[in-house]
Amino acid sequence: MQLWRKLIGGEGGTAAVLFALSLTALLGFTALVTDSGLLFLNQSRVANAVDSAVLAGAQELPGNPDAALAVARTYAEANGVTDAEAVFSVSEDGRQIVGEATRRVGLYFARVLGFTQGEVKARAAARVGALTAATGCAPLGVLEDEFEIGAEYTLKEGAGDGQHKGWFGCLRLGGSGASVYRDNLKYGYQGEIKVGDVIPVEPGNMSGPTSEGIDYRLNQCPHYPKCSGEHYERTCPRVLLVPIVRIEETNPGGSVKSVKVVAFGAFLVDEAPGCGHENQVTGHFVETVFPGAGGDGTAEYGAYGVQLVE
């Protein structure tokens, strides 16, 4: 005790004590900065991985919840989150997938203060809903009706006077004329279309441009065997995103002038159309997810959008 008093009694002793206290404070500050940064880095990585996983898994909803879970786990692991760290689940209605992850992180400088591990957590949920806005639509409008997923339908008529006095189902998206219509059918209209939009129709059969556009889509399908209503790849070029519409305005003679978008549908084209009166487009309504906004309250025709809700 007397020795200690002598040590701290002089200037040198005071300096030693201050140095010891400063060193302790410095170590504590270093532990705080370094290990806090480590925890933040892991938190960010885990959160991003879970976000990506649920968004990827939701692409399989609502039709295939088992595949949604498998895809989510695969994406999580590819982004560095193991099965032991993450748990995924699908809601009872099959429209939402939730991911929760917990990771224990070994600390470094904080060990001096008695802390060996930290813990980071992340949670995310993605939900599918009927598509409400999208880009990439085909310039073909389908009058709203009761449609059965997987059943065959005629998307565009090719004979007679059309569905309504000269209208065969073609839409005027981003401009008029055969070349604009053909390119929109080939590549999808690049402007955004929303539920509630009013769109002018493209009059006439558009036989040649329809054949060119649909032939292009069919030839772009790389899958073997070719996609069908029973088995298809959701990203196949043969799957068209089509506006579901109701007649908004007619001309004095009774022909259709414009239609209003009430929903969106996914339509798998079966075969190349013929010419003239045989220029009809047939196929099946299918279910798939497209880039775009999705929500509840809109009629469902197989086209869905995904968004993070947590």
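The values are calculated or read from the model by the stated rules, or taken from the named source; none is laboratory data. The structure presented is a predicted model; accordingly, all values stated were derived computationally and were not measured. Cβ atoms come from the backbone with ideal geometry, glycine included; neighbour counts cover every protein chain shown.
With respect to the numbered conditions (1) within 16 Å of PHE147 (Cα to Cα); (2) touching a Lys or Arg at 6+ places or on another chain (Cβ under 8 Å), which one is the sole condition not fulfilled by GLY213?
(1)
Would a scan of segment 174-187 turn up a residue that is modelled with pLDDT under 95 and under 15 Å from VAL281 (Cβ atoms)?
no
Only one of GLU92, GLU60 is crowded, with 20+ Cβ neighbours inside 10 Å, more than 19 Å from GLU119 (Cβ to Cβ) and modelled with pLDDT under 95. Can you tell me which?
None of the other options fit; the residue is GLU60.
What are the residues in segment 208-248 that are surrounded by fewer than 17 Cβ atoms within 10 Å (Cβ to Cβ) and among the hydroxyl-bearing types (Ser, Thr, Tyr), if any?
TYR216, TYR224, SER228, THR235
Quick one: would you say PRO203 is of a type outside the set (A, V, I, L, M) and under 22 Å from the mean Cα position of the chain (by Cα)?
Numbers: of a type outside the set (A, V, I, L, M): yes; under 22 Å from the mean Cα position of the chain (by Cα): no.
No: the conditions fail for PRO203.
Any residue at all in segment 140-147 that's surrounded by fewer than 14 Cβ atoms within 10 Å (Cβ to Cβ), outside any strand (DSSP E or B) and modelled with pLDDT under 90?
Yes - at least one qualifying residue is present in segment 140-147.
What's the total number of residues in segment 280-300 that are under 17 Å from LEU155 (Cβ atoms) and out of contact with any Phe, Trp or Tyr (no Cβ under 8 Å at 6 or more places or on another chain)?
2
Residues being over 21 Å from GLY283 (Cα atoms) and among the aliphatic types (A, V, I, L, M): count how many of those fall in segment 243-260.
3
Looking at segment 154-212 only, could you name the residues that are among the basic types (Lys, Arg) and either farther than 21 Å from VAL269 by Cα or free of Cβ contacts under 8 Å to residues at least 60 places away in the same chain (or both)?
Answer for segment 154-212, where residues must be among the basic types (Lys, Arg) and either farther than 21 Å from VAL269 by Cα or free of Cβ contacts under 8 Å to residues at least 60 places away in the same chain (or both): LYS165, ARG172, ARG182, LYS186, LYS194.
Before we move on, is ALA25 modelled with pLDDT under 95, assigned to a helix (DSSP H, G or I) and surrounded by 17 or more Cβ atoms within 10 Å (Cβ to Cβ)?
Criteria not met by ALA25.
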